[in-house]
Amino acid sequence: MPKQAVEIEVKELTRERFSGRIKGAPLPVVNAIRRVAQSEVLTMAADYIIFYDNNTVLYDEYIAHRIAMIPLTSDAALEKYKRPEECVTDGSRFDEDCYATLRLVVERPGETPLSGLTEVEIIYSDSIVSEDPDVRPVSGKIPVAVISPGQRIHAEIKARLGRGREHAKWQAATVSVLTYVADIRIDWEHCDSCGDCAAVCPTGALKIVKGKLKVDSEKCNLCRQCLRACPAGAIRLSWRDNEYNLMIESSGALHAGRILYEAAKEVRSKLLTLLNTVNTLGGGTEGSRSG
Ligand code: SF4
Ligand code: SF4
């Protein structure tokens, strides 16, 4: 079978979102990229948080969990910091090649009220200051804690690269979806443009325009409602071979295009590792030649 060139038709590409059509790549490969975008692509996130002071009503663990879930900018960090398997710590020494240091130091003057939440102030992620300008909260508007007069938080944050499969805080893609591309055929000999299918179509893929049924396969989500509605059985619904819609939404830690690139690179690397392993068993051409 002749090799088919792989094409990517980009529909949307921003830091937050990639949406496009991938043609010519087999389903298992595109699906592997989809999964790897969520589970394997490296990003920075807080891993150790050392509290020097915290007299707020929130436990250290509660604040630590909130801080850990704040996405940190990671594009430059991928080149700067070592991979997690190269970073081992006992929690007392942190290799600078592995860990970025950030700090949360906040204090409110005054007397702590005896009760109630009347004077509570929300602390947002813009209070977190990083020693590395390349690793910082992606947004300054993420609530971290609440603090009353007379209260303070002093925490040192150690962030490192990690993968979504280890913990959701390292998940590069928060959403990663692959869908088939619909192929709708109408048997015009039996269709009388009655409109029953258009009436149930939730996406507008089927419409009656000037008394005639119009089809827009691009809008179809393959829900099959029209098949049940058509009294004439005039609709044939299937999907195109080797053509898929891929949508990746970033946590903000990496540009969505970078997530796609890193995911494809990771899949390729895993396949090469598999190929080399098979080759060392004598299963490949090189193994046969050397054997
Ligand atoms: S329901 Fe069937 S017959 Fe009616 S417009 Fe749709 S395809 Fe044609
Ligand atoms: S499968 Fe669903 S979305 Fe597609 S044309 Fe039929 S009703 Fe519309």
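Cβ crowding within 10 Å ranks Val135, Val144, Val88 as Val88, Val144, Val135, fewest other Cβ atoms first. Between the amide H of Trp239 and those of Asp183, distances stay under 5 Å, these residues lying 5 or more places away or on another chain, with hydrogens modeled in the peptide plane. When peptides 158-171, 208-221 are ranked by their average number of other Cβ atoms within 10 Å per residue, the highest-first order is 158-171, 208-221. When each of Phe18, Phe94, Phe51 is scored by the number of other beta-carbon atoms lying within 10 Å, the sequence from fewest to most is Phe51, Phe94, Phe18. Sequence-ordered 3J(HN,Hα) estimates for segment 75-90 from the Karplus curve with 6.51, -1.76 and 1.60 and θ = phi - 60° stand at 4, 6, 5, 4, 8, 8, 9, 6, 5, x, 5, 9, 10, 10, 9, 9 Hz, glycine and proline given as x.
Ranking Thr174, Ile248, Ile142 by how far each Cα lies toward the positive end of the dipole of segment 128-260 (charges on Cβ) leaves Ile142 at the top. Calculated over segment 161-216, the projected area of the Cα convex hull averaged across directions stands at 6.1 nm².
From the cross-link list Lys23/Lys80; Lys80/Lys265; Lys11/Lys212; Lys23/Lys219, which pairs have alpha carbons spaced over 26 Å apart? The pairs that break the limit, which is 26 Å between Cα atoms, are Lys23/Lys80; Lys11/Lys212.
Here segment 125-172 and segment 17-66 have alpha carbon centers that stand 13 Å from each other. Mean projected area of the Cα convex hull of the chain, taken over all directions, amounts to 24.6 nm². Less than 5 angstrom separates the built amide H of Arg17 from those of Ser250, Ala256, all sequence-distant by 5 or more or on a different chain. Adding -39500 (n - 2.57) for every DSSP H run of four residues or longer, then dividing by how many residues the chain holds, sets the calculated 222 nm ellipticity at -6500 deg cm²/dmol. Backbone phi angles across segment 159-165, fed through the Karplus curve with coefficients 6.51, -1.76 and 1.60 (θ = phi - 60°), yield HN-Hα couplings of 10, 9, 6, x, 10, x, 6 Hz in residue order; Gly and Pro are listed as x.
For segment 44-170, a Kirkwood radius taken over Cα pairs fed into Stokes-Einstein (25 °C, viscosity 0.890 mPa s) yields D = 161 µm²/s.
Bear in mind these aren't lab numbers, they're just calculated from the coordinates by the rules spelled out. Please read these numbers as outputs of a predicted model, since none were measured by experiment. Cβ sites come from the backbone with ideal geometry, for glycine too, and all protein chains shown count toward neighbours.
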